[in-house]
1. Filter the range 40-55 for residues that are among the hydroxyl-bearing types (S, T, Y) and part of a helix (DSSP H, G or I); which is farthest from I167 (Cα to Cα)?
2. Between residues in the range 65-89 that are on the phi < 0 side of the Ramachandran plot and free of Cβ contacts under 8 Å to residues at least 12 places away in the same chain and residues that are of a type outside the set (V, I, T) and crowded, with 16+ Cβ neighbours inside 10 Å, which pairs lie under 6 Å by C-beta distance while being six or more apart or on different chains?
3. With the requirement that a residue be of a type in the set (D, E), surrounded by 12 or more Cβ atoms within 10 Å (Cβ to Cβ) and closer than 22 Å to E164 by Cβ, what does the range 62-90 give you?
4. So which residues in the range 91-134 are of a type in the set (A, V, I, L, M, F, W, C), part of a helix (DSSP H, G or I) and either under 23 Å from E164 (Cα atoms) or touching a residue at least 40 places away in the same chain (Cβ under 8 Å) (or both)?
5. Taking the stated definitions as given, is G162 farther than 20 Å from K48 by Cα, in a helix (DSSP H, G or I), modelled with pLDDT of 95 or more and of a type in the set (G, A, S)?
6. Would you check which residues across the range 137-153 are within 20 Å of A104 (Cα to Cα) and either touching a strand residue (DSSP E or B) at 6+ places or on another chain (Cβ under 6 Å) or part of a strand (DSSP E or B) (or both) and list them?
7. Test Y34 against the criterion of being of a type in the set (S, T, Y) and at pLDDT 95 or above, and give yes or no.
8. For the range 127-157, how many residues are among the aliphatic types (A, V, I, L, M) and within 15 Å of R180 (Cα to Cα)?
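The values are calculated or read from the model by the stated rules, or taken from the named source; none is laboratory data. Model, not experiment: these values are computed from the prediction. Note that we place each Cβ from the backbone using ideal geometry, even for glycine, and neighbour counts take in every protein chain shown.
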Amino acid sequence: MNELLNPKGKPYIVVEGFCDINMANRPNRQEDKYDRDVILYAGGLNVKYGIGTLVEAAKRMKDQGVELWLYGLGDLAKTLDTDGNIKYFGPRSNDEVVAAEMKATLLVNPRPTEGEYTRYSFPSKTLEYMASGTYMLTTRLAGIPDEYFGYCGVIDNETPEGIEKAITDAFSLGREELHRRGLAAKDFVLNNKNNMIQTKRVFDLFQSL
């Protein structure tokens, strides 16, 4: 993107987003987690975001007692089959969604990586998920800097079978290890990507011009 918008090579920085520094005051405790395996997605419930594929993956795990909880609106909302292990909660306040994220076992973003736009796509839920302290699975979007992938699981195969395997592999780590990794991700974003730090980066750039 810089090559297109900044042909003269002027000073620039990339700020992919920020997390709320106040999440430091909201501890993610293992004893507060739901007593069953809950995978949670919050955001647009649209085909283009891979939600249909995620739902199919979750259905394959019904006999394992795994539930998929969905929050948000989108073109799939009215057609979701919620008779089995798929739970649809509709749109809720951000505070309620974050509270559920903190209690979930695993957070997921199945957004497909195909398409030119993904080079510039950094879903805001990436930072929200990580700041919650619950471990995250995501596809390897080109717009997500490599440093993030040291703190989350990756969906390399974007089919229902591939997503199911990524979830199964994550669960095989055990709840204690998942919790530890989720807290490490929270520390990473709070220490490096909070709203105060990211704002200072922009301010420092202006000061240097």
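1. Going residue by residue through the range 40-55, those that are among the hydroxyl-bearing types (S, T, Y) are 41, 49, 53.
From what is left, the residues that are part of a helix (DSSP H, G or I) are 49, 53.
Details: Y49: 18, T53: 13 Å.
Taking the candidates together, the pick is Y49.
2. Close Cβ pairs satisfying both conditions: T82/Y88.
3. Restricting attention to the range 62-90, the residues satisfying the condition of being of a type in the set (D, E) are 63, 67, 75, 81, 83.
Still in the running and surrounded by 12 or more Cβ atoms within 10 Å (Cβ to Cβ): 67, 75.
The answer is E67, and nothing else.
4. First, pick out the residues of the range 91-134 that are of a type in the set (A, V, I, L, M, F, W, C): 97-100, 102, 104, 106-108, 122, 127, 130-131.
Checking the rest, the ones that are also part of a helix (DSSP H, G or I) come to 97-100, 102, 127, 130-131.
Listed by number, the residues that qualify are V97, V98, A100, M102, L127, M130, A131.
5. Values: farther than 20 Å from K48 by Cα: no; in a helix (DSSP H, G or I): yes; modelled with pLDDT of 95 or more: yes; of a type in the set (G, A, S): yes.
No; evaluated as a whole, the condition is false for this residue.
6. Correct list: L137, T138, T139, C152, G153.
7. Details: of a type in the set (S, T, Y): yes; at pLDDT 95 or above: yes.
Yes, satisfied.
8. 4
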